[in-house]
Amino acid sequence: MDRRYLAPPRPPRNMSNPTVSALPSLTGQVCKSGGGAVGGGGFGDVFIGVWASGDGASQKVAIKTVRLHHGGDSARVLKKFKLEANVWAELSHANIAPFLGIATDLGPRPDILSVISPWYEHGSLYAYYEREWTRGRREVPRKQRDNFMLGVLSGLVYLHTRSPPVVHGDLSMSNVLIDSAGQPRLADFGLALVVDTPGFTTVSVSGQAKYMAAELLQSAPPPAMGGLSASFSAPKKTKETDLWAFGILALEIQTNLEPYIDATTRATLNEAQILRSVPRGLRPDPARFTPALDPSVRSSCTHCWDADPKKRYTAEKHLGYLTRPRR
């Protein structure tokens, strides 16, 4: 596999006193286009918009605006959203969706922040696979699958080797976007945290159950209506839980198959079943994926799901293993 995915040097960063005052302001330069929200993640809803810059050029953008609920803790949500903006604004890598700026005139009230990033017409990996492979019956070529997988891993290496490290916290097919050049871009840092940094160290665990490591599900309450209904207090997300999620994501990228199925009915397990079974030792069955998986990818994925987080390979080690020269 291609060795061009090795991460670049990373500069030191200081997030001990995050503030939005130093972030580039696009207030008055961006307007929403089309209808309502087209998606969402973390604490925000996503809208399509147009950014008219000062030089007369315009660019289609994604607008992520804080989502507030009546009766909710709006101060906490707004603070978390500002932390997300500060995390994202510090990042610069070919496999990270760029942060363009913030705006304060696109929400329902002036104190509600919106984060602006490029709009990608190809959409997310989930949308792309659904369109091309699931409905279109056109298998994504192996070279392109490898490109997606290694690009995601390269972005993860960049995050984890920052100083201090950044944990994405919500890797999934829906949170990886595809740019115009066909490169994957990690997006949605709504659940990200900066390791050992004040303000980022307490994180409620939420997300899609199938990407969540066993240690995150140990204390999960019974989900309402068969789904992971709300955030719950549990061990915080770590670089190791990101690697677990990468193993599931790599499996999906390479096979377009759900990781967890019922051994008897072959039906996809719902979140309630995953929440119960993964802490008890359930893992994706390697034999089921063997025909579609390169042995090195299968081995890498398996290491991501070790019950002991300390035994999981780092993102750097996975990247070195998957891009090493083949004999």
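Bear in mind these aren't lab numbers, they're just calculated from the coordinates by the rules spelled out. Everything quoted here is computed from the prediction, not taken from an experiment. Every residue, glycine among them, receives a Cβ derived from its backbone with ideal geometry; neighbour counts consider all protein chains shown.
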Set of lysines near K210 by C-alpha distance (under 27 Å), chain-local residues within fewer than 8 positions excluded: K64, K80, K143, K236, K237, K239, K310, K311, K317
Just to confirm the filter: which trypsin sites (Lys or Arg not before Pro) across segment 71-175 are DSSP coil and have at most 11 other Cβ within 10 angstrom of their Cβ? R137, R138
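Could you tell me which GluC sites (Glu not before Pro) in segment 57-127 are loop residues by DSSP with no more than 11 other beta carbons within 10 angstrom of their beta carbon? Don't jump to the answer; show the numbers that get you there.
Values: sites: E84, E90, E121; in loops: E90, E121.
When the GluC sites (Glu not before Pro) of segment 57-127 are filtered for loop state and at most 11 Cβ neighbours within 10 Å, E121 remain.
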I need to check one value: relative contact order of segment 17-118, counting alpha carbon pairs closer than 8 Å and at least 6 residues apart, in percent. 29
Going by C-beta contacts inside 10 Å, put K64, K311 in order with the fewest on the left. K311, K64
If each residue's Cβ is checked for other Cβ atoms within 10 Å, how do D294, D111, D170 rank with the fewest at the top? D111, D294, D170
When a footprinting reagent is the concern and you count Cβ atoms within 10 Å, what order do L171, L193 take, fewest first? L193, L171
Can you tell me which lysines have their Cα less than 24 Å from the Cα of K60? Leave out same-chain residues fewer than eight positions away. K32, K82
